[in-house]
Amino acid sequence: MAASRKDNVRNIGIMAHIDAGKTTVSERILFYSGRTWRIAEVHDGQATMDFMDQERERGITISSAVNEIEWRGHDIYLIDTPGHVDFTVEVERSLRVLDGVIALYDAVAGVEPQSETVWFQANRYHVARIAFVNKMDRPGADFDRCVREIHDILGGHPIPVQLPIFDNQVFCGVIDLISRKAMRFDEADQGSSIIDIPIPGDMADQVESARESLIEKLADADDEIAEAYLEGADISEEQIKTALRRATIAFKAVPVFCGSGLKNKGIQPLMDGVVDYLPAPGDLSALVGTDFKGNPVEHERSEKEKFCGFIFKIQQIEAKRLAFIRIYSGVMHEGDTIFNATQKQSFKIKHIFRLYANRVDRVESAAAGELVAIAKTKGMATGDTLCDPSSQILLEKLQSTDPVMSISIEPESIKDKDKIVESLNAIHEEDPTLIFEEDEQTGDMLLRGMGELHLEVVCERLRREYNVAVRTGSPNVVCKEALLSEATENAQFEREHEDDVIYGNVTVTVRPLDRDSGLQCKLDLPEGHPYIRPEVGDGALQAAKDAMLYGPNGFEMTDAEVRIIAIGSDAKGQINPIGTRIAAGEAVRNAYKKAGVRILEPLMAVDIISAEDSIGDLMSDLTQRKGIVENLDSDPLRSVIHAVVPLRNMFGYSMKLRTITHGRGNFSMHFLRFDSI
Ligand SMILES: Nc1nc2c(ncn2[C@@H]2O[C@H](COP(=O)(O)OP(=O)(O)OP(=O)(O)O)[C@@H](O)[C@H]2O)c(=O)[nH]1
Ligand SMILES: [Mg+2]
């Protein structure tokens with residue numbers, strides 16, 4: 001197994017807009033590979049991959065699930081991700097550790113907004129893709145349009161490798177363009193048996209021209225095929241497949257398959273596509289990180305290399321708190337001592353587990369290319385790099401996300417307060433997008449998260465998993481503040497204390513910074529300024545840092561710089577550290593007020609899909625919501641409005657959309673930026 005193992009592994013995810021059928025297709029993949037003995041359905045609340053109670057009840061995926069299957073002698077690690085925008089961090093962290101993706105589309109809806117988002121996320125993480133046009137059984141399914149949209153909307157290079165077969169407008173099978181084989185999927189055994197059928201007579205020409213187009217497109221992406229094509233040489237099936245694999249891994253092609261998850265059609269050829277076209281770890285370039293001095297280091301993605309892994313998720317499964325790890329290089333064994341390069345501490349690996357959605361199996365070791373879990377140890381967190389103590393490497397952390405919605409909570413029973421804090425800390429460990437704050441003065445508890453659904457799911461988890469009931473206020477958007485101008489202010493503090501006078505005198509300058517610069521604070525005393533003892537300077541700096549966190553309206557300040565430019569002494573020439581600290585905080589608050597602030601609120605990119613006849617009403621409703629329409633793709637059947645709207649004005653939008661479009665409209669939104677509109 002050692003030498004070829006990394007060529008026989010695929011780490012893949014399924015990604016798409018909400019409800020496109022990711023979990024439904026994943027369930028078939030589990031079934032045909034023999035991982036499960038029956039097909040479990042989302043709509044029956046039984047799906048293996050949607051194993052949380054709330055996922056089963058709501059019929060949506062909330063948390064990404066990992067499962068391992070075997071197909072054609074390959075180990076495939078499969079992650080089914082959520083499509084709802086509130087859980088987009090699950091997609092983000094999955095993409096971070098995946099080598100390939102099945103991008104899934106609803107054949108009727110085509111490329112929907114959230115599929116655009118995940119496509120661009122996959123671009124950012126350089127993850128190769130194949131596409132599956134699902135729901136071909138639905139009336140109005142349009143394979144060609146979906147292929148066109150992958151090109152026109154997503155800027156991808158789709159190469160259809162199949163054509164759908166319809167019998168009296170009912171989807172019944174697919175034609176593989178490379179082998180020119182037509183197939184049906186036997187309904188008697190839930191599509192397990194694939195039946196070869198002749199190419200329907202009226203499709204023969206279509207198949208030849210689609211095959212010709214496949215080779216032409218491939219010639220554009222691959223020199224070897226281009227040469228053979230120009231010379232008019234015969235191009236074998238094997239040559240096509242090898243070239244398509246090269247082009248897919250080089251991001252020059254996206255092979256497109258089609259089928260119907262629900263009707264058990266077209267799944268096995270898609271699984272073949274995963275093996276044939278998506279990269280094995282060995283196909284990827286060396287892993288790049290930094291050593292403890294910050295110098296770049298590389299690791300070959302091989303078992304022979306020193307160990308390196310990345311924690312992409314913490315989750316409780318079978319009552320065990322587990323850290324999910326993508327192993328990039330080397331091998332880890334139970335009992336090994338491993339170094340956590342992020343937390344700078346060593347620990348011993350107790351148990352290693354293979355993941356089968358909600359079930360785990362213990363294994364003695366795991367090697368490069370695998371997705372496994374270890375029992376979490378204290379201090380370990382999502383985004384940590386683990387490595388061999390003798391060969392340190394630190395990988396880039398996961399990107400953080402800004403929460404946009406908040407809700408106040410209080411325990412139904414006051415005795416539960418400590419338990420709530422403990423439980424929320426445990427949930428935060430699994431879900432870093434959930435922020436919990438307690439107002440020190442009022443004792444109010446506030447949850448911040450990615451949206452209404454996210455916060456609702458967390459409160460429900462508190463009740464069910466942690467046995468604490470909470471009362472919640474109504475959800476509010478999270479705001480921030482930014483400075484309008486530069487300002488300099490001085491603050492003095494004087495108070496008699498016993499026989500002494502505590503005095504402080506500090507001057508600060510504040511100024512707005514460019515977007516996404518964060519907060520910066522420094523001691524910037526001009527040359528010739530009287531000597532300040534280091535501990536006084538440090539104390540003033542810390543007080544200024546604390547004071548600069550919040551603006552005059554009580555919201556988080558963003559993109560600001562504070563410089564302490566003078567620290568004064570009392571009449572006797574003494575500098576009191578306590579007085580100086582108090583004056584520093586006061587000076588920052590005064591300077592903020594003098595500079596003036598603007599309130600930034602979460603703005604959402606909203607995409608609304610509807611028939612053309614409702615567009616006028618939708619536009620005027622958007623104006624009332626202070627929305628800015630950026631673009632309108634007009635089409636009698638399916639127009640799309642792209643708009644930017646403040647999140648606070650999007651509460652209850654689904655109801656309104658339903659009324660305006662008589663239930664035929666659809667919308668999605670994702671966070672764009674904090675800004676004022
Ligand atoms: N007609 C038809 N319906 C399908 C097909 N695949 C899935 N569905 C249905 O579409 C709905 C959503 O399916 P899911 O598999 O939960 O979709 P998902 O993409 O996992 O959804 P999220 O995880 O919530 O983003 C369910 O009611 C499925 O039964 C299909 O091929 N044809
Ligand atoms: Mg799902």
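The values are calculated or read from the model by the stated rules, or taken from the named source; none is laboratory data. Since we're looking at a predicted model, the values are computed, not measured. Every residue, glycine among them, receives a Cβ derived from its backbone with ideal geometry; neighbour counts consider all protein chains shown. Ligands, DNA and RNA are stripped out before the accessible areas are found, and what is left, the full protein with its side chains, is counted by its heavy atoms. Shrake-Rupley method; radii C 1.70, N 1.55, O 1.52, S 1.80 Å.
With θ set to phi - 60° and the Karplus curve 6.51 cos²θ - 1.76 cosθ + 1.60, what are the ³J(HN,Hα) couplings of segment 194-209 in order, to the nearest whole Hz, using x for Gly and Pro?
Along segment 194-209, the couplings run 9, 10, 6, 10, x, 5, x, x, 6, 10, 4, 5, 4, 5, 4, 6 Hz.
How would LEU453, LEU154 rank on accessible area, largest to smallest, probe 1.4 Å?
The most accessible residue leads, giving LEU453, LEU154.
Given points 7 Å out from each Cα along the Cα-Cβ axis, report the ASP167 to GLU364 separation in nanometres with one decimal.
In this crude spin-label approximation the distance works out to 5.2 nm.
Taking R0 as 60 Å, what FRET efficiency do you get between GLU237 and ASP613 from their Cβ-Cβ distance, rounded to the nearest 0.05?
Using R0 = 60 Å, I get an efficiency of 0.80.
What is the spin-label model distance, in nm, from ILE578 to GLU437 if the labels are put 7 Å beyond Cα along the C-beta direction?
Distance between the two pseudo-spin positions: 2.9 nm.
Please work out whether segment 1-154 counts as rounded, prolate or oblate from its C-alpha gyration tensor, where a ≥ b ≥ c are the square roots of the eigenvalues and a/c under 1.5 means rounded, while otherwise a/b larger than b/c means prolate and anything else oblate?
rounded
Roughly what % of DSSP beta bridges within the chain run antiparallel, to the nearest 5?
Restricted to the chain, the bridges split so that about 80 percent are antiparallel.
How much length, in nm to one decimal, is gained on full extension between SER620 and VAL421, taken as 0.36 nm per residue of separation minus their Cα-Cα distance?
Separation in residues times 0.36 nm, less the Cα-Cα distance, equals 67.2 nm.
With a sphere of radius 13 Å drawn around the Cβ of GLN343, what net charge do the other residues whose Cβ falls strictly inside it have (Lys, Arg +1; Asp, Glu -1)?
Result for the local shell: +3.
Per the 1.4 Å probe, what fraction of the accessible area of the chain, in percent, lies on carbon and sulfur atoms?
That share works out to 47 percent.
In this model, which of LYS320/LYS378; LYS350/LYS397; LYS293/LYS397; LYS306/LYS348; LYS217/LYS241 are farther than 19 Å apart at the alpha-carbon?
LYS350/LYS397
Multiply the residue separation of SER213 and ASP633 by 0.36 nm, subtract the distance between their alpha-carbon atoms, and state the gained length in nm to one decimal.
Net length gain for the segment: 148.4 nm.
Taking the Cα centre of the chain as the origin, how large is its charge dipole in debye, to the nearest 20, when only Lys and Arg (+1) and Asp and Glu (-1) carry charge on their Cβ atoms?
For this selection, approximately 1040 debye.
What's the ranking of 619-632, 16-29, 365-378 by average number of surrounding C-beta atoms within 10 Å, highest first?
16-29, 365-378, 619-632
If I model a spin label at SER569 and ALA375 as a point 7 Å from the Cα along the Cα→Cβ vector, what separation in nanometres do I get?
Placing both labels 7 Å beyond Cα along the Cβ direction yields 6.1 nm.
So if I take the centroid of the Cα atoms in segment 179-228 and the same for segment 357-424, what is the distance between those two points in Å?
45
Tell me the net charge near PRO512. Cut-off is 9 Å between Cβ atoms, PRO512 excluded, with +1 for each Lys or Arg and -1 for each Asp or Glu.
-3
In nm, what is the difference between 0.36 nm times the number of residues separating PHE120 and GLU498 and their Cα-Cα distance?
Taking 0.36 nm per residue and subtracting the Cα distance, the gain is 129.6 nm.
Under a 1.4 Å probe, what is the accessible area of segment 421-544 per residue, stated in Å²?
I get 56 Å² per residue for segment 421-544.
Report, to one decimal in Å, the Kirkwood hydrodynamic radius for the chain based on all distinct Cα pairs.
Radius from the Kirkwood sum: 28.1 Å.
Rounded to the nearest 500, what is the 222 nm mean residue ellipticity of the chain from helices alone, with -39500 (n - 2.57) per DSSP H run of 4+ residues and division by all residues?
-8500 deg cm²/dmol
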